[in-house]
Amino acid sequence: MKKTYLLAPGPTPVPPEALTAMSMPIIHHRSPDFIPILESAKNGLKWLFQTDNVVLILASTGTGGMVGAVNNFLSPGDKAVVVRGGKFGERWSEICEAFGVLPINIDVEWGYAVKPSQVEAELKKDPSIKAVMIQASETSTGVLHPTREIGEIVKKYPNCLFIVDAITAMGVIDMPVDKWGIDVCITGSQKALMLPPGLAFVSVSEKAWKANESAKCNRFYFNFKKERKNLEKNQTNFTTASSLVVGLNSALSMMKAEGLENIFKRHERLANATRAAVKAMGLKLFAKESPSLALTAIEVPEGIDGGKLTKIMRDKYGVTVAGGQAQLKGKIFRIAHLGYFNTFDIIIGISCAEMALKEMGANITLGKGVAAAEEILLKF
Ligand SMILES: *Cc1c(COP(=O)(O)O)cnc(C)c1O
């Protein structure tokens, strides 16, 4: 018998309450029964995003939300500053190029955060820049970029939008969208929202709606103006992923019961415990500064094959963590702690890493990481 544990930074585990809700018979998305369900989801998302703006609900993964964030607000030939500090930063550039938007890339060494002054320098150099795009939490490296500080800078440029991929930050760190001046903020269902993959959520500010009026990029499926009009009537432009929206209400009511402050504190506590465990095991964090609270990226010790490590963890012990992407393949492994995670998920992840590394011949003293995590989890 194999018991499995999902400790990856998306998809994340789904609580039984949401699973049960989603197993109910399908409601037709244009029927009156569905109206209050979508209305409740719409309002719950505003609460989560801490915004008075509309939060669109799209049937797609997070990347669909990123695509819509580019082609609904920009025109071919527009310039956008893109912070590239990992795999998802590169995705911003690739999406821009697909629509003829010209990315001005700020390449940040993987494992480091961008400096707000680097963004400011680009904006000062070229006043025609129409957008700044970042990841609030760069999931491929486990680093937080300084979203609040960059928001303060972009606020000073009335023709420039601040577009934030918050896919592993929303519901993890305190990110008040309106206060921080985020014009377009994206998250997805399968991360901190504790749902299966399939929904993207995008908040849009008044400044961004104004840009939408003259934006000329091609679009069809992700047409935000039409989505907003439909959402006013508690509808979506195309068929709603209705079961996922039912699950969303269930997840949001769990989050409301816990409260935003407590959610952020829980993520901080789990991240602190994981980092303390990593250090006690004699391993290194991949993030050299501002480590993410959503996941911990850990360097695979010298002489150990990272691909084999995550394979042993998954196939022998049933624990799914994430390996490294692109140039980090085989070099790091990533333990998630976002969404439906608590104390003993961390213990499972650390204990499994200790056992698998030990059997692969790494210099590990069993229990050291677990003990260090427990010390933090007990106190904090
Ligand atoms: C998961 C994730 C995405 C979206 O990936 P999808 O596979 O399209 O859901 C985008 N950005 C970041 C930072 C992510 O963690």
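When the C-alpha to C-alpha distance is required to be over 21 Å, the pairs from Lys125/Lys156; Lys288/Lys316; Lys46/Lys179 that qualify are Lys288/Lys316. Per-residue SASA remark: Trp47, around 70 Å² accessible (1.4 Å probe; ligands, DNA and RNA not included). In a fully extended conformation the segment linking Glu232 and Met1 would gain 78.2 nm over its present Cα-Cα distance, using 0.36 nm per residue. Just how many % of Cα pairs in the range 166-264 lie over 20 Å apart, if you round to the nearest whole percent? Above the 20 Å cut-off, the range 166-264 has 47 percent of its Cα pairs.
For the chain, the longest principal axis of the C-alpha atoms and the axis of helix 242-258 are separated by about 70°.
For the pair Thr239 and Met24, what calculated FRET efficiency results from E = 1/(1 + (r/R0)^6), where r is the Cβ-Cβ distance and R0 = 25 Å, to the nearest 0.05?
Working: r = 17 Å, r/R0 = 0.70.
Efficiency at R0 = 25 Å is approximately 0.90.
Rounded to the nearest 20 debye, the dipole size of the chain about its Cα centre is 280 debye, using +1 on the Cβ of Lys and Arg and -1 on the Cβ of Asp and Glu.
Each Cα pair under 8 Å and six or more residues apart adds its separation to the average, and for the range 259-377 the resulting relative contact order is 33 percent. Give a quick list of GluC sites (Glu not before Pro) in the range 285-380 that DSSP marks as loop, anything other than H, G, I, E or B, with at most 11 other Cβ atoms within 10 Å. Sites meeting the loop and neighbour criteria: Glu289, Glu302.
Straight-distance candidates among the aspartates and glutamates for linking to Lys368, with alpha-carbon spacing under 12 Å and chain neighbours fewer than 8 residues away dropped: Glu354.
May I ask you to derive the relative contact order of the chain, considering only C-alpha pairs under 8 Å and at least 6 residues apart, and to give it as an integer percent? Could the numbers behind the result be given before it?
Details: 808 pairs, mean separation 87.9, N = 380.
Relative CO of the chain lands at 23 percent.
Compared with the dominant principal axis of the Cα atoms in the chain, helix 62-71 is inclined by about 30°.
Could you state, as a whole-number percent, how many of the C-alpha pairs of the range 16-257 are farther apart than 22 Å? Intermediate values should be presented prior to the final figure.
Working: 14448 of 29161 pairs.
Result for the distance tail: 50 percent.
Sorting Leu244, Leu270 by accessible area puts them as Leu244, Leu270; the probe is 1.4 Å, largest comes first, and only protein heavy atoms count.
Provide the FRET efficiency to the nearest 0.05 for the Asp33-Leu102 pair, computing r from the beta carbons and using R0 = 45 Å. Show your work: numbers first, answer last.
Numbers: r = 47 Å, r/R0 = 1.04.
Between Asp33 and Leu102 the formula returns 0.45.
Distance from the Cα centre of the range 291-346 to that of the range 33-59, in angstrom? Computed from Cα coordinates, the inter-centre distance equals 33 Å. Summing +1 for each Lys or Arg and -1 for each Asp or Glu among the other residues whose beta-carbon sits under 12 angstrom from that of Lys155 gives -1. When only the Cβ of Lys, Arg, Asp and Glu is charged (+1, +1, -1, -1), the dipole of the range 141-184 relative to its Cα centre reaches about 100 debye.
Contour minus end-to-end for Ala326 and Glu258, with contour as 0.36 nm per residue of separation and end-to-end as the Cα-Cα distance? Walk me through the numbers before you get to the answer.
Values: separation 68, 0.36 × 68 = 24.48 nm, distance 3.66 nm.
Additional length available on full extension: 20.8 nm.
In the assembled protein chains, Glu261 presents an accessible area of approximately 120 Å² (probe radius 1.4 Å). Approximating the spin labels as points 7 Å out from Cα along Cα→Cβ, the Lys288-to-Lys368 distance works out to 2.4 nm. Above 26 Å, the calculated P(r) of the range 259-377 contains 12 percent of its Cα-Cα pairs.
For the peptides 119-125, 141-147, the ranking by packing is 141-147, 119-125, with the highest mean count of neighbouring Cβ atoms within 10 Å listed first. When the Cα positions of Ser253, Ile163, Ser40 are compared along the charge dipole of the range 16-257, Ser40 comes out farthest toward the positive end, with charges on each C-beta of Lys, Arg, Asp and Glu. Each listed q (0.26, 0.28 Å⁻¹) maps to a log10 I(q)/I(0) for the range 317-380, found by the Debye formula over equal Cα scatterers with no solvent: -1.22, -1.27.
Rounded to the nearest 20 debye, the dipole size of the range 67-165 about its Cα centre is 260 debye, using +1 on the Cβ of Lys and Arg and -1 on the Cβ of Asp and Glu. At a Cα cut-off below 13 Å, give the aspartates and glutamates reachable from Lys308, other chains included and same-chain residues fewer than 8 away excluded. Answer for Lys308, where 13 Å is the Cα cut-off: Glu359, listed by chain and number. Mind checking which aspartates and glutamates have their C-alpha under 14 Å from Lys87, skipping anything on the same chain fewer than 8 residues away? List returned: Asp107, Glu109, Glu138, Asp165.
When a/c is below 1.5 the answer is rounded, else prolate if a/b is larger than b/c, else oblate, so apply that to the range 50-178 with a ≥ b ≥ c taken from the square roots of the Cα gyration tensor eigenvalues.
Rounded, since a/c falls under 1.5.
The values are calculated or read from the model by the stated rules, or taken from the named source; none is laboratory data. Predicted, not measured: the structure shown is a model, and the values here were computed from it. For neighbour counting, all protein chains shown are included, and Cβ atoms are generated from backbone atoms with ideal geometry for every residue, glycine included. Calculation scope for accessible area: heavy atoms of the full protein, side chains included, ligands and nucleic acids excluded. Shrake-Rupley method; radii C 1.70, N 1.55, O 1.52, S 1.80 Å.
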